[in-house]
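Peer 1: Okay, here's the structure, questions in a sec.
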Amino acid sequence: MGYLSKRILVTGGAGFLGSHLCERLLAEGHDVLAVDNYFTGRRENVAHLLNNPRFEIMRHDITFPLHVEVDEIYNLACPASPVHYQFDPVQTTKVSVVGAINMLGLAKRVKAKILQASTSEVYGDPTMHPQPEEYRGSVNTIGPRACYDEGKRCAETLFFDYKRQHNLRIKVVRIFNTYGPRMHPNDGRVVSNFIMQALRGEDITLFGDGMQTRAFCYVDDLIDGLMRMMAADDAVTGPINLGNPEELPMAHLARRIMALTGTPSRIVFRPLPADDPMQRCPDIGKARALLGWEPAVQLEDGLMRTVEYFRRLLMSKEEGSYFFEKK
Ligand SMILES: NC(=O)c1ccc[n+]([C@@H]2O[C@H](COP(=O)([O-])OP(=O)(O)OC[C@H]3O[C@@H](n4cnc5c(N)ncnc54)[C@H](O)[C@@H]3O)[C@@H](O)[C@H]2O)c1
């Protein structure tokens, strides 16, 4: 462990990334308070932590103020995939902006260090590859993804203004595509989509010609990056990209998943959704230099663990306990 136990707040703690983060923070001996309104997260994601006396979960919507005593805040609450953040776009902007104001206000009152889970979506449909942190992005302010992209951009602005104006200790990480167990099965993201389709023996839907690339970071690596960022010197505020720079065309990903699951599914092609970027890949030079971080888990291993999770989910029929059902 090597350092003192802290009281740590994780917003969005019952979500995909949040639940893994809570687990890791508890393993380090910290007291963890998770807050979540269960919009896309669920209690099952943290059920195994409930008998740990250092863990507590509270149903709370971060668009409302929260008064708790903590030393550090990881602000992860926000629906993260297009199907979820476009379900109620006004609420999405609110979670990002009003939620950030509430959490920054809390950090200011209790003098906590605060980390914002920002996103590669702040780069929009980038004209530069890979994207370094200095790239200012190319976002359509009135498109269907704007509620998320602009909400997250504004949250970054708020973090830096709170630092300038109130001297807050802030950390901003821009997370790129992350995958792993406890991803939402119906989030429409490519990894979960392909795996669920493969396990159900349904057609595998490839958008466009399948040659658009993405780079995927396994959840354990990402959580390691978040914790290193929080532990870094106060001068390291970010924004810092966290993601896997190894790019892969979607058609290749589909074939790897088909091989791993041994599915009889076929690939079918569909038109690309609006504002869908053709390529997205992080430049992680800063994370390497400032945090000594880079992804370590191989795609094949990560996919295997994720397939295993979804296989169990399908067998246990727990899938039905998600707020968002498959239409
Ligand atoms: N997973 C990725 O690839 C990825 C990529 C970029 C950024 N991020 C960011 O990381 C964070 C976590 O993403 P995730 O993949 O774990 O998604 P997730 O949907 O699994 O987790 C988000 C959690 O926030 C909760 N939540 C939503 N609105 C809330 C509100 N108003 N009050 C309290 N809780 C609320 C949800 O119920 C859920 O548990 C998000 O901020 C997301 O934008 C994730």
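The values are calculated or read from the model by the stated rules, or taken from the named source; none is laboratory data. Predicted model, so just to flag it, every value in this text is computed and none were measured. FYI the Cβ positions are ideal-geometry reconstructions off the backbone, even for glycines, and counts take in every protein chain you see. Only protein heavy atoms, including side chains, enter the accessible area calculation; ligands, DNA and RNA are left aside. Shrake-Rupley method; radii C 1.70, N 1.55, O 1.52, S 1.80 Å.
Peer 1: Using the heavy atoms of the protein chains and a 1.4 angstrom probe, tell me the accessible area per residue for segment 7-118 in square angstrom.
Peer 2: On the way: 4310 Å² over 112 residues.
Value returned for segment 7-118: 38 Å² of accessible area per residue.
Peer 1: According to the Kirkwood expression over distinct Cα-Cα pairs, how big is the hydrodynamic radius of the chain, in Å?
Peer 2: On the way: mean 1/r = 0.0501 Å⁻¹.
Computed over Cα pairs of the chain, the Kirkwood hydrodynamic radius comes out at 20.0 Å.
Peer 1: Would you mind calculating the gained length between TYR38 and LEU50 on full extension (0.36 nm times residue separation, minus the Cα-Cα distance), in nm to one decimal?
Peer 2: Details: separation 12, 0.36 × 12 = 4.32 nm, distance 1.58 nm.
Extending this stretch completely gives an extra 2.7 nm.
Peer 1: Taking just the alpha-carbon atoms of segment 26-153, what radius of gyration and Dmax come out, in angstrom?
Peer 2: Here Rg and the maximum Cα pair distance are 16.2, 49 Å.
Peer 1: Let me ask something additional. For segment 164-242, with every protein chain kept in place, what is the accessible area per residue (1.4 Å probe, Å²)?
Peer 2: Details: 2440 Å² over 79 residues.
Roughly 31 Å² per residue, with all protein chains present.
Peer 1: Right, next: If I model segment 1-66 as equal point scatterers sitting on the Cα atoms and use the Debye formula, what is log10 I(q)/I(0) at q = 0.12, 0.22 Å⁻¹?
Peer 2: Debye curve over Cα of segment 1-66, log10 I(q)/I(0) at q = 0.12, 0.22 Å⁻¹: -0.27, -0.83.
Peer 1: Kindly give Rg over Rh for segment 153-274, based on alpha-carbon atoms, with the Kirkwood expression for the hydrodynamic radius.
Peer 2: My calculation puts Rg/Rh at 1.10.
Peer 1: How much of the DSSP bridge set in the chain is antiparallel, in percent, rounded to the nearest 5? Provide the component values of the computation, followed by the final result.
Peer 2: On the way: 3 of 38 bridges.
DSSP beta bridges in the chain are roughly 10 percent antiparallel.
Peer 1: If you keep only loop residues by DSSP, which GluC sites (Glu not before Pro) in segment 26-77 have at most 11 other Cβ atoms within 10 Å of their Cβ?
Peer 2: On the way: sites: GLU28, GLU44, GLU56, GLU69, GLU72; in loops: GLU28, GLU69.
Here the sparse-neighbourhood loop sites are GLU69.
Peer 1: First compute the accessible area of the chain with a 1.4 Å probe, then give the percent of it belonging to carbon and sulfur atoms. Please report the intermediate quantities before stating the final value.
Peer 2: Values: 7470 of 14140 Å².
In the chain, the share of accessible area belonging to carbon and sulfur is 53 percent.
Peer 1: Given points 7 Å out from each Cα along the Cα-Cβ axis, report the MET128 to ASN140 separation in nanometres with one decimal.
Peer 2: Here the answer is 2.2 nm between the modelled labels.
Peer 1: Sticking with the crude label model, points 7 Å out along Cα→Cβ, report the distance from ASP88 to MET304 in nm, one decimal please.
Peer 2: 4.1
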